[in-house]
Structures are given as structure tokens and as C-alpha cells.
Amino acid sequence: MLDVIVIGAGPAGVAAALCAGDMGARTALITRDQFGGMAASDGPVPVRTLAHAARLIRNARQLRRYGIEVGEPVLDYERMLERVREVTADVRAHSSFRKNIFDVEVAVYEQSGSVHFVDPHTITTLNGLQLAGKSIIVCTGGASRKLDLPGFELTATHSDAWKLNSVPPSMLVIGGGATGIQVASIFNAFGSKVQLFQAGTRILPHEDEDVSAAVAAAFRESGIKITESFGTIESFEKTQAGVRMIFSRDGERRAAEASLAVTAIGWTANTKGLGLPNAGIETDAKGFIRVDKFLRTSEPHIFAAGDVTGRSMLAPQAIHDGFIAATNAVRGATIETPDHSAAPIGSFTDPEYAQVGLTEAKARATHDVVVASIRFDSTTRTIIDGRTNGFCKLIADRTTRHILGCHVVGERAVEIAQVAAVAMAAGMRVDELAQVPLSFPTYAGALGRVAASATRQLNLDVSRLQAEGAYQ
């Protein structure tokens with residue numbers, strides 16, 4: 001019998017297997033498909049590659065502003081997809097985690113097909129493999145949520161969108177969360193006529209309100225048609241040119257048509273066929289595996305990590321979960337899941353957006369705050385690069401001066417938010433951040449300027465601030 005069986009080779013599963021093997025546990029990592037999971041085949045890696053292609057198109061279109069004469073960029077979609085495949089293959093082949101996993105003698109079973117619990121200690125696979133383990137860690141990830149509606153089979157998911165053979169002339173994107181707006185932004189850059197539908201009052205409903213408003217304004221300016229509070233979907237119908245969505249609001253039926261309809265309406269746990277009842281594993285009302293603070297399921301020797309728990313559905317947090325679950329599986333329940341309040345979140349849309357910590361509304365509800373903001377059209381590096389659309393906002397507690405949140409829209413937003421995250425994780429006060437001599441001219445330098453602005457609002461002495469901060 002093995003010490004640990006890890007089901008799923010995405011970020012959480014790979015991290016769990018590495019950690020367990022590193023502690024000397026006899027470990028097996030088993031995956032339905034290929035090593036790397038969704039992050040490599042359908043998540044951050046291919047999406048970021050497509051987003052980079054969209055960025056290159058945008059950059060090419062502004063070359064003339066800098067005296068560089070070129071023709072209008074033309075997208076070869078098949079060649080771009082070939083590049084996506086090259087990148088994902090390289091990531092799988094050269095992943096340091098993969099090498100380290102083999103170094104600690106973890107047995108890796110790829111392309112095993114679906115995995116099924118026989119009993120609380122035994123799993124079997126579609127291709128006939130059967131393994132038994134003292135502890136098991138479930139890291140099977142998530143999948144796009146489906147709707148029980150007439151014609152829903154005519155729609156595509158974001159996964160299908162990344163695998164198209166050509167750019168569709170037009171596209172309906174249903175869902176204005178992180179996944180939906182990535183699809184909308186990328187295919188808008190590729191030339192599709194995009195209509196974005198959001199059931200709620202604003203896109204990016206979990207972001208700071210200023211972020212939602214700025215991204216929506218930029219999308220509309222780029223040609224994306226956004227319909228918020230659109231009502232209720234009744235059905236989808238096939239048309240000669242694609243698909244039609246029938247929806248209603250306040251008793252009025254409406255329709256929207258496009259070559260392709262992509263739904264991005266949420267995420268569900270990828271547990272179909274796992275046979276969770278055979279192992280005594282309970283799920284919550286939404287179907288995610290229920291775990292405690294040690295990532296134990298209802299069966300104490302079985303753990304779950306990553307998207308399948310529905311807690312924090314992001315690759316960095318999934319990796320952290322994997323290490324915690326493995327440590328507790330091998331050494332007993334000793335490590336609790338941490339507070340991820342200083343975990344940056346962002347998306348490589350156009351414009352980029354990112355955040356860490358509390359939104360302004362949530363901060364004001366529980367703290368006496370100061371809020372400082374700086375527009376990108378007043379910062380040196382953005383002016384140099386011709387990327388002046390956006391802002392950086394910092395929120396701090398008036399009494400403790402600790403940074404509560406940072407929200408950024410614009411070029412390199414994710415990188416800026418990560419600098420703020422480091423400052424928050426280190427417990428820096430906003431006036432301390434203001435005194436860090438960040439390089440000039442840089443995007444992160446804007447963070448120093450906005451920190452200085454917040455410091456002035458606190459009526460603190462800013463005379464020691466670095467002189468170059470005024471030019472960032």
C-alpha cells in the first residue's frame with residue numbers, strides 16, 4: 001500500500017505529490033490526461049499565450065507613433081495556435097516541478113483516464129490501474145458550469161474558444177466575470193465582433209467598483225458591446241450563420257445572434273465519475289468537496305486541494321493548498337490553511353486589471369480609511385510607452401497606516417499589484433512603502449507615488465521621500 005495517492009496533476013496535485021515525495025512518503029500521482037492539468041492545457045499558460053499575441057497586435061499598431069513604418073498586422077490564427085501548442089509542450093517538458101517529482105521518486109501515471117474510488121483507500125482507473133493508499137489527496141480541479149436550457153448544447157465554453165480553427169466573425173460571451181472578459185478581450189483583439197452579456201449590474205462584480213467601471217469603459221471604446229442586467233436566458237437556437245440567444249427582461253423577449261456563443265457562467269467541481277460516496281466524501285450545496293481548515297474531507301485520511309474545494313480558484317493558491325494537504329497527509333493535521341488576503345489576482349485583458357486585499361467598499365465598511373489614486377496619463381513610464389489608459393489606487397487604514405488594498409487598471413497592472421502584495425505580506429505601512437526608492441521610470445514606480453499621496457493625506461512628514469518619486 002502506498003503512503004499517499006494524489007489524484008490530478010494540475011497545480012495543486014503536482015505540488016502535493018512533490019511535497020509528499022520530498023518528505024519520504026511512497027507517493028503516486030495519477031492524472032486522467034497529461035501532466036500539468038488545466039493550468040498547462042486550458043488555463044493560465046495557453047490563455048496567457050493568446051493574450052500575448054493580442055498584446056503584440058496592439059503594440060504593432062502603435063509602431064508608427066514611434067517612427068517605425070510597418071504594414072497593418074495580420075493574424076495567422078493556425079500559426080498562433082501552433083505557437084500555443086509549442087508553449088504548453090515546453091512548459092510540460094521543462095517544468096521544474098516535473099523534474100523534482102521524478103527526483104523524489106514519485107510514481108507518475110499519465111493518460112490514465114477517469115479515476116474512481118472503490119472504497120476509502122482504493123482507486124481504480126479507466127485503463128485498469130488499481131492503487132491503494134493510506135492517504136489520498138483529491139486535486140481534480142473544476143469545469144465550466146452548464147445550464148439546463150433548451151439549446152444549451154449549441155454553446156461553447158472558454159475551453160472550446162481556445163481550440164477554434166479560425167477567428168469567428170462574431171461572438172456572444174455570456175458572463176462578465178474573469179473568464180468571460182478574457183475571452184471577450186482576446187477575440188476582440190483578434191477581430192471578432194463581440195457582445196458581452198452580464199446578468200448582474202456590472203462586469204467584474206467581485207472587483208473594486210472603479211476597476212469594473214474602467215474596464216467596461218475601455219471595452220466599449222474598443223468596440224465590445226456590453227449589456228449588463230440583461231435578464232434571463234430562455235433558450236439558444238441554431239441559425240444559418242451560427243447561434244441565437246433568446247432572453248427576456250421585465251417581460252420583454254429579446255434576441256442576440258453571432259457566429260459563436262461562449263458561456264462563462266461559473267465553475268463547478270470536477271468530480272463526475274469519481275465515486276465520492278464510495279469513499280464517504282461529502283460535498284457542499286454547490287458540489288464542491290467540503291474540507292476543514294487542514295484540508296481534510298469528511299473522511300479524515302482523504303484530503304482535497306485546489307479548485308475542487310471551491311475555496312480560492314487560482315493557480316498560486318492551489319499550489320499552496322497542495323503543499324498543505326500533503327504535509328497534513330504525511331505528518332498529521334498540523335498546518336492550517338492561511339489567510340490569502342495578500343494574494344494578488346489579475347487578468348491579462350486589454351486593459352489589464354489586478355487587485356490585492358480589500359475593495360474600497362469593503363475597506364470602508366470595517367475601517368477608517370484613506371484612499372489615494374493616480375491616473376496613468378500622469379505617470380512617466382506609461383506616457384513613454386503610450387499606455388496611458390488606467391489608474392493605480394491604494395487603500396490604507398488611517399490609524400495603523402497599514403495597506404488594506406491595491407487596485408490597478410492598465411498596462412502591467414498585475415506586476416504592480418504583486419509589488420503591493422509583497423508590501424502587504426511584509427506588514428509595511430503606507431508611509432514606509434512611500435520611502436522605498438523604486439526604479440525610474442517604471443510601472444511599479446507609480447505605486448510609490450500613490451503611497452506618497454496617501455501619506456500626505458495622513459498628514460505625515462514626507463520630506464524623506466525620494467526626489468525621483470515625483471517623476472514616476
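Can you pull out every residue in the stretch 290-325 that is farther than 10 Å from Cys139 by Cβ, touching a helix residue (DSSP H, G or I) at 6+ places or on another chain (Cβ under 7 Å) and in contact (Cβ under 8 Å) with a residue 40 or more places away in the chain?
Phe294, Leu295, Glu299, Ile302, Met313, Ala315, Ile319, Phe323
From the list Glu209, Glu257, Glu221, exactly one residue is surrounded by 14 or more Cβ atoms within 10 Å (Cβ to Cβ), over 16 Å from Gly180 (Cα atoms) and either under 27 Å from the mean Cα position of the chain (by Cα) or of a type in the set (S, T, N, Q) (or both). Which is it?
The conditions single out Glu209.
Exactly one condition in (1) surrounded by 14 or more Cβ atoms within 10 Å (Cβ to Cβ); (2) over 20 Å from Tyr66 (Cβ atoms); (3) in contact (Cβ under 8 Å) with a residue 12 or more places away in the chain is not met by Arg364; state its number.
(3)
Within the stretch 84-129, how many residues are under 23 Å from the mean Cα position of the chain (by Cα), of a type in the set (Ser, Thr, Tyr) and surrounded by 17 or more Cβ atoms within 10 Å (Cβ to Cβ)?
Matching residues across the stretch 84-129 total 1.
Considering only residues of the stretch 421-432 that are of a type in the set (A, V, I, L, M) and in contact with a helix residue (DSSP H, G or I) (Cβ under 6 Å, 6 or more places away or on another chain), which is surrounded by the most Cβ atoms within 10 Å (Cβ to Cβ)?
Per the criteria, the residue is Val430.
Among the residues of the stretch 241-266, write down those that are under 25 Å from Ala189 (Cα atoms) and at pLDDT below 95.
Within the stretch 241-266, Ala241, Ala264, Ile265, Gly266 meet the criteria.
Suppose the filter is within 30 Å of Ala217 (Cβ to Cβ), at pLDDT 95 or above, assigned by TED's automatic domain parsing to the domain that holds Val414 and in contact with a strand residue (DSSP E or B) (Cβ under 8 Å, 6 or more places away or on another chain); does Arg375 pass it?
yes
Of the residues in the stretch 278-308, how many are among the polar types (S, T, N, Q), outside any loop (DSSP other than H, G, I, E, B) and under 18 Å from Thr268 (Cα atoms)?
Adding up the residues that qualify gives 1.
The values are calculated or read from the model by the stated rules, or taken from the named source; none is laboratory data. Predicted model only: the values in this text are computed from it and were never measured. Methodologically, a virtual Cβ is constructed for each residue, glycine included, from the backbone with ideal geometry; neighbour enumeration extends over all protein chains shown.
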